[in-house]
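Input: a single structure, listed below in structure tokens.
The values are calculated or read from the model by the stated rules, or taken from the named source; none is laboratory data. Given the structure is predicted, the values throughout are model-derived calculations rather than measurements. Virtual Cβ from ideal backbone geometry, glycine too; neighbours counted across all protein chains shown.
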Amino acid sequence: MKPTIIDTHTHIFPEKVVDKAVTALEAAYGAQPLVRPTVDNLLAHMDKTGVDAAVICPVATSPHQVRSINQWMISLAGDRLIPLGALHPADPQWDEQIEFLIDHGFRGVKLQPHFQEFELLSPTTLEKLEKLVGRLFMVVHAGQEIEPIAHVEPTPQRLLELHRRLPELQFIAAHLGGYQMWDEVEEHLVGEDIYLDISYVFGKASDEQIARIIRNHGPGHILFASDFPWQSPSEVLAGLNRLGLSDEQRTMILGGNAARLLGL
């Protein structure tokens with residue numbers, strides 16, 4: 001049976017590194033996680049909300065982390081946890097890692113331009129991303145960071161340019177297309193053939209703007225997502241329930257769109 005609710009954007013870490021990872025993320029984000037981001041705590045939040053499955057979005061901050069992260073992702077795969085793969089644009093084994101992920105049944109990868117220190121539209125990056133086309137979709141952080149930074153690489157404008165240069169690349173722009181840049185999302189991304197997830201937007205953008213973006217972009221390209229452990233899936237579900245969506249729209253957003261994207 002297909003899962004009804006799929007959280008398409010979550011983060012967890014192995015027990016042996018979770019506390020070190022949280023300390024580093026707190027320093028970078030200036031935000032406290034709800035709980036320790038472990039498998040058990042994610043499953044507990046899923047159970048509380050009625051989430052059937054969660055997509056795990058790993059980020060390799062250096063090339064040497066890629067292989068070990070992907071091995072751990074393989075160990076997590078099951079009915080309730082759906083891991084994405086880790087890639088790093090500076091990894092000389094980019095091509096080999098893509099083949100490894102496909103051979104092990106992965107459907108997509110997560111990239112984060114700020115933490116991975118790459119330019120979204122550089123010729124080198126575009127050459128690497130082109131190798132994902134038709135093979136793996138990409139979840140990409142979009143917009144500002146929780147702790148604001150001076151230079152934002154994945155702006156809505158740059159994401160639109162990426163889409164124009166690689167129109168067959170299937171990607172999800174996280175945080176409704178651009179955290180704290182939602183006016184620019186409405187100007188540049190709304191209506192394009194790009195998926196937007198709703199991770200970490202409720203309580204940050206107004207419900208009115210979130211509803212307007214969903215309505216104008218089209219519910220068929222919106223994905224339920226929490227960004228756990230920074231926001232709970234229950235908070236996202238409560239926000240979604242405030243928007244006055246139809247049952248058909250809710251069904252698509254909560255899991256129908258993700259199931260199609262993930263091949264479930």
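Report, by residue number, each residue of the stretch 221-264 that is part of a strand (DSSP E or B) and either at pLDDT below 95 or not aromatic (Phe, Trp, Tyr) (or both).
Keep residues of the stretch 221-264 that are part of a strand (DSSP E or B), which gives 222-223, 228.
Correct list: ILE222, LEU223.
Take the residues in the stretch 141-181 that are among the charged types (D, E, K, R) and outside any loop (DSSP other than H, G, I, E, B), then tell me which one is surrounded by the most Cβ atoms within 10 Å (Cβ to Cβ). Spell out the reasoning first.
Just the residues of the stretch 141-181 that are among the charged types (D, E, K, R), to begin with: 145, 147, 153, 158, 161, 164-165, 168.
Adding the requirement that they be outside any loop (DSSP other than H, G, I, E, B) leaves 158, 161, 164-165.
Details: ARG158: 18, GLU161: 14, ARG164: 9, ARG165: 12.
Going through the qualifying residues, I end up with ARG158.
Looking only at the stretch 246-264, count how many residues are hydrophobic (A, V, I, L, M, F, W, C) and touching a helix residue (DSSP H, G or I) at 6+ places or on another chain (Cβ under 7 Å).
Taking the stretch 246-264 and keeping what is hydrophobic (A, V, I, L, M, F, W, C), we get 252-254, 258-259, 261-262, 264.
Narrowing the set further to residues that are touching a helix residue (DSSP H, G or I) at 6+ places or on another chain (Cβ under 7 Å) leaves 252-253.
Count: 2.
Report yes if SER234 is closer than 30 Å to THR38 by Cα and among the polar types (S, T, N, Q), otherwise no.
Working: closer than 30 Å to THR38 by Cα: yes; among the polar types (S, T, N, Q): yes.
Considered against the rule, which asks whether it is closer than 30 Å to THR38 by Cα and among the polar types (S, T, N, Q), SER234 comes out as yes.
Residues of the stretch 207-242 being in contact with a His (Cβ under 6 Å, 6 or more places away or on another chain) and on the phi > 0 side of the Ramachandran plot, which ones?
If the condition is that a residue be in contact with a His (Cβ under 6 Å, 6 or more places away or on another chain) and on the phi > 0 side of the Ramachandran plot, then ASP227 is the only one that fits.
Examine the stretch 211-220 for a residue that is in contact with a Lys or Arg (Cβ under 9 Å, 6 or more places away or on another chain), of a type in the set (A, V, I, L, M), closer than 19 Å to GLN249 by Cβ and modelled with pLDDT of 95 or more, and state whether such a residue exists.
yes
List the strands (runs of 3 or more DSSP E) inside the stretch 41-126, counting only whole elements, that have at least 1 residues being surrounded by fewer than 19 Cβ atoms within 10 Å (Cβ to Cβ) and aliphatic (A, V, I, L, M). Steps first, answer last, please.
Details: elements: 53-56, 81-83, 108-111.
The strands (runs of 3 or more DSSP E) meeting that bar number zero.
Would you pick out the residues in the stretch 147-202 that are of a type in the set (Asp, Glu) and at pLDDT below 95? Before the answer, list the steps.
First, pick out the residues of the stretch 147-202 that are of a type in the set (Asp, Glu): 147, 153, 161, 168, 183-184, 186-187, 192-193, 197.
Hit for the stretch 147-202 is GLU147, nothing else.
Hey, could you check the stretch 182-213 for residues that are hydroxyl-bearing (Ser, Thr, Tyr) and crowded, with 21+ Cβ neighbours inside 10 Å and say which is farthest from SER234 (Cα to Cα)?
So in the stretch 182-213, the residues hydroxyl-bearing (Ser, Thr, Tyr) come out as 195, 199-200, 206.
Retained after the next criterion (residues that are crowded, with 21+ Cβ neighbours inside 10 Å): 195, 199-200.
Values: TYR195: 22, SER199: 12, TYR200: 12 Å.
By that ranking, first place goes to TYR195.
Just to check your reading of the model, which residue among LEU176, LEU196 is touching a residue at least 24 places away in the same chain (Cβ under 8 Å) and on the phi > 0 side of the Ramachandran plot?
On the way: LEU196 fails: on the phi > 0 side of the Ramachandran plot.
When all the criteria are applied, what remains is LEU176.
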